[in-house]
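Reviewing the structure listed below.
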Amino acid sequence: MSYPYQIKSLDSYNEAYTKSIESPETYWGEVAENFQWRKKWDKVLEWNFKEPSIKWFQNAKLNITENCIDRHLATKGNQPAIIWEPNDPDEHHRVITYKDLYFKVTQFCHVLKNNGISKGDRVCIYMGMVPELAVAVLACARIGAIHSVIFGGFSAQSIADRLHDAHAEFIITCDGAYRGNKEIPLKSVIDDALIQCNFVKKVIVLTRTRQAVSMIKGRDVWWEDEIKKVETMGSPDFPAAEMDAEDPLFILYTSGSTGKPKGVVHSCAGYMIWTTFTFVNVFQYQPGEVHFCTADIGWITGHSYIVYGPLCSGATSLMFEGIPTWPDAGRFWEIVEKHKANIIYTAPTAIRSLMSFGEEPIQGKDLSSLRLIGTVGEPINEEAWKWYHEHIGKGKCPVIDTWWQTETGACLISNLAGVTPHKASWATLPLPGVQPVLVDEKGIEITEKDEHGFLKGNLCIKAPWPGILRTTYGDHERCRLNYFATYENLYFTGDGAIKDDQGNYRITGRVDDVLNISGHRIGTAEVENAINMHSGVVESAVVGYPHDIKGQGIYAYVIYGGKLDDQNLTRLDINSTVAKVIGAIAKPDKIQFVSGLPKTRSGKIMRRILRKIAEGETQNLGDTSTLLDPLIVDEIVKNRV
Ligand code: WT7
């Protein structure tokens, strides 16, 4: 398989970029010719950001799984599609060829059908990182059901909220999941979620840990039993559903500034083109290479760069069940050596955490197969970038710093490995089709450089790329308000950025009330809602602060109305409430009990002040004279934790 749209030099990047902006329809129409369609489009692009209404490849028909699987069968049927490395290094790894994948996916399509699932149904997938998770995702896509994968770290309450929002009547899960030395009781969490969701008709449960689970008659079925029922069919061929280009492919929930996560919806055709195009260009994938993306499929990175992007490109995708530090901090490097990975793509938080173990875990590991190394999820600090470049890339591998979001489907700003230059802690240049612009509070484009010679502002994008979100599930107005209403005719990312003279971008972080904890997005309002559920809590305010490993930590200011004889015990109680309501990832790192919060006379919490205090600033807190009770600031500063 060759990739005619792979950009191989700086000159052709410039050429491609210009063409993609000047004649987007020609450019993307040509890229799209390299995919498999049931019927081609009438028009490449029609859009306005007002509603928003964005339509790529109008009236084209396709099924993404025919692009991910079927079209590779003749040429690379025996090539590994997925190499799976288990949590426990002593368990055997698994290799799933494209032929195997075809068999498993089509077989599982029959299982879905037998259980009443059809085109347009929403299916919630709550599984650990086992190959069957990819199979479940692809089987949904093949049948035309809309998958909503929920990360295994989310609580029963979070699952219930998402099931309600999408009205998902079907669930695919596992008995449990292995992560490091922990066993996560997935099915039991699902059971708790379902107490509030009696509309759920079927739960398909894969055996992984063999821990005890309860199976409700008529509702819960074992994956293995269902497979047995279809096994007698011989070849399980299952014709893929014909999907419209703009039909929804999946929903993925992500946090915003409000207390309620939103279901980002991606389309079939645009998302396919965008993940594949960026995979081939950003990673400069070469046929036969092993691509190791360490993300979880519960996040967009796993959707786009473990499943859809690599498989549509006919690549070999390495999928890892466990965590970077178990059984020891050399696990990633051992996996790279064992499977001769050519690419590793991970998060700055993992790099910083592994960096803290020193070089010992790397010693003796053969990393010579690596051609490039990549990061995603949060700004990478120069120290971590350099360590990664020197100790993992051995000074030879290009480092790609890929900036994107759940909403963007795949990378928007990144260097192309070895083709366009890398620059420590800079995401660098926009991909073809991506038109970033930095604006001020009023939406006016920034044209004046700051004292360092950079343009600095809020990062927006001027026009749609094929992988842009289409809506937020069940609430289009919310999508408009969130992304398209802040600045007229622009998609607003929620990030701040700077730009240098060469056109490189450096993302400086969120400018809204969203935190980035270890590369995971969490809204402050969500954490506050969760803390406020604790019976003793009167009110709370949550901000982020710089954290050595996680990038950002969660700092919570809490007004406690109950008895407070043992602050530490109460902190544990609050944390446990947050873990129940959202999940362990949202537990505050620091909780400070306060008698009041700095509020304006209109009752608005002055987060700016709280943020400064959490960052360790005690002097220059800005103007506090407009506060209802300026004295409260002194008390909060005095009792910082
Ligand atoms: C937010 C999106 C993209 C998949 C993983 C996270 C931050 C992401 C970078 C980067 C600086 C980055 C942004 C963005 N972010 N990549 N390379 N440099 N910041 O997806 O959960 O949707 O979060 O992550 O703040 O808005 P997400």
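Taking amide H as placed 1.01 Å from N in the peptide plane, the amide H of Ile125 sits under 5 Å from that of Ser148, Val149, Ile150, Ile172, each at least 5 places away or on another chain. Charge tally for His72 (other residues, Cβ to Cβ under 14 Å; Lys, Arg +1; Asp, Glu -1): 0. For Lys119, the accessible surface of its heavy atoms amounts to roughly 110 Å² (probe 1.4 Å, protein chains only, rounded to the nearest 10).
Please work out whether the range 167-279 counts as rounded, prolate or oblate from its C-alpha gyration tensor, where a ≥ b ≥ c are the square roots of the eigenvalues and a/c under 1.5 means rounded, while otherwise a/b larger than b/c means prolate and anything else oblate?
Taking the square roots of the gyration eigenvalues as a ≥ b ≥ c, the range 167-279 is oblate.
Expressed to the nearest 5 percent, the antiparallel share of DSSP beta bridges inside the chain is 60 percent. How large is log10 I(q)/I(0) at q = 0.14, 0.19, 0.21 Å⁻¹ when the Debye formula is applied to the Cα atoms of the range 102-241, each weighted equally and without solvent? Values returned for q = 0.14, 0.19, 0.21 Å⁻¹ are -0.58, -1.09, -1.33. Computed over the range 514-638, the P(r) curve from all C-alpha pair distances, binned at 10 Å from the origin, holds 13, 45, 35, 7 percent per bin.
For the range 76-214, what does the accessible surface come to per residue with a 1.4 Å probe? Please give it in Å².
On the way: 4600 Å² over 139 residues.
Using a 1.4 Å probe on heavy atoms only, each residue of the range 76-214 averages 33 Å².
Work through the residues other than Gly263 whose Cβ is under 13 Å from its Cβ and net out their charges, Lys, Arg +1 and Asp, Glu -1. Result for the neighbourhood of Gly263: +2.
With every protein chain in place and a 1.4 angstrom probe, the accessible-area ranking of Arg179, Arg71, largest first, reads Arg179, Arg71. From the alpha carbon centroid of the range 379-451 to that of the range 280-318 is 19 Å. Sequence-ordered 3J(HN,Hα) estimates for the range 62-77 from the Karplus curve with 6.51, -1.76 and 1.60 and θ = phi - 60° stand at 6, 9, 4, 6, 5, 7, 7, 10, 3, 6, 8, 4, 5, 9, 9, x Hz, glycine and proline given as x.
Once backbone amide H atoms are built at 1.01 Å from N, Ser53 has Asn48 as its partners under 5 Å, excluding neighbours fewer than 5 places away on the same chain.
Database remark: amide H of Gly583 closer than 5 angstrom to the amide H of Ser155 (H placed geometrically; neighbours at sequence offset of 5 or more, or on other chains; Pro and chain starts carry no H).
Structure shown: which of Lys119/Lys202; Lys61/Lys462; Lys386/Lys550; Lys76/Lys229; Lys61/Lys104; Lys365/Lys590 lie over 26 Å apart, alpha-carbon to alpha-carbon?
Values: Lys119/Lys202 16 Å; Lys61/Lys462 28 Å; Lys386/Lys550 18 Å; Lys76/Lys229 29 Å; Lys61/Lys104 24 Å; Lys365/Lys590 37 Å.
From Lys119/Lys202; Lys61/Lys462; Lys386/Lys550; Lys76/Lys229; Lys61/Lys104; Lys365/Lys590, over 26 Å: Lys61/Lys462; Lys76/Lys229; Lys365/Lys590.
The Rg/Rh ratio for the chain, using Cα coordinates for both the radius of gyration and the Kirkwood hydrodynamic radius, is 0.95. Placing unit charges on the Cβ atoms only, positive for Lys and Arg and negative for Asp and Glu, gives the range 111-195 a dipole magnitude near 280 debye about its Cα centre. Ordering Cys68, Gly409, Ile172 by Cα displacement along the dipole of the chain toward the positive end leaves Ile172 in first place; charges were set at the Cβ atoms of Lys, Arg (+1) and Asp, Glu (-1).
Beta bridges from DSSP with both residues in the range 532-607: antiparallel share about 75 percent, rounded to the nearest 5.
Given charges of +1 on the Cβ of Lys and Arg and -1 on the Cβ of Asp and Glu, with all other atoms neutral, how large is the dipole of the range 587-641 about its Cα centre, in debye to the nearest 20?
With only Lys, Arg, Asp and Glu charged at Cβ, the dipole is about 260 debye.
Set Lys and Arg Cβ to +1 and Asp and Glu Cβ to -1, take the dipole of the range 380-532 about its Cα centre, and tell me which of Asn516, Phe492, Pro430 lies farthest positive. The listed residue farthest towards the positive side: Pro430. Measuring nothing but protein heavy atoms, the accessible surface of the range 514-638 at 1.4 Å probe radius is 49 percent carbon and sulfur.
Sequence-ordered 3J(HN,Hα) estimates for the range 455-470 from the Karplus curve with 6.51, -1.76 and 1.60 and θ = phi - 60° stand at 7, 9, x, 7, 7, 10, 10, 7, 8, x, 9, x, x, 5, 4, 9 Hz, glycine and proline given as x.
A Cα-only calculation for the range 435-484 places Rg and Dmax at 14.1, 45 Å. With a 1.4 Å probe rolled over the protein heavy atoms of all chains, the accessible area of Met355, Met129 falls in the order Met355, Met129, largest first. Within the assembled protein chains, the solvent-accessible surface assigned to Leu569 is about 100 Å², based on a 1.4 Å probe. Using the Cβ of Phe170 as centre and a radius below 14 Å, the other residues enclosed give a net charge of +3, where K and R count +1 and D and E count -1. In order along the range 217-232, the Karplus-derived 3J(HN,Hα) couplings, from 6.51 cos²θ - 1.76 cosθ + 1.60 at θ = phi - 60°, round to 4, x, 10, 9, 10, 7, 3, 5, 5, 5, 5, 4, 5, 9, 5, 5 Hz, and Gly and Pro are given as x. For the range 111-249, carbon and sulfur atoms together expose 50% of the accessible surface, with a 1.4 angstrom probe and every protein chain in place. Think of each Lys and Arg Cβ as +1 and each Asp and Glu Cβ as -1; about the Cα centre, that makes the dipole of the range 485-530 roughly 160 debye.
The values are calculated or read from the model by the stated rules, or taken from the named source; none is laboratory data. In this text, all values refer to a predicted model and were calculated from it rather than measured experimentally. Virtual Cβ from ideal backbone geometry, glycine too; neighbours counted across all protein chains shown. All accessible areas refer to the heavy atoms of the entire protein, side chains included, with ligands and DNA or RNA removed. Shrake-Rupley method; radii C 1.70, N 1.55, O 1.52, S 1.80 Å.
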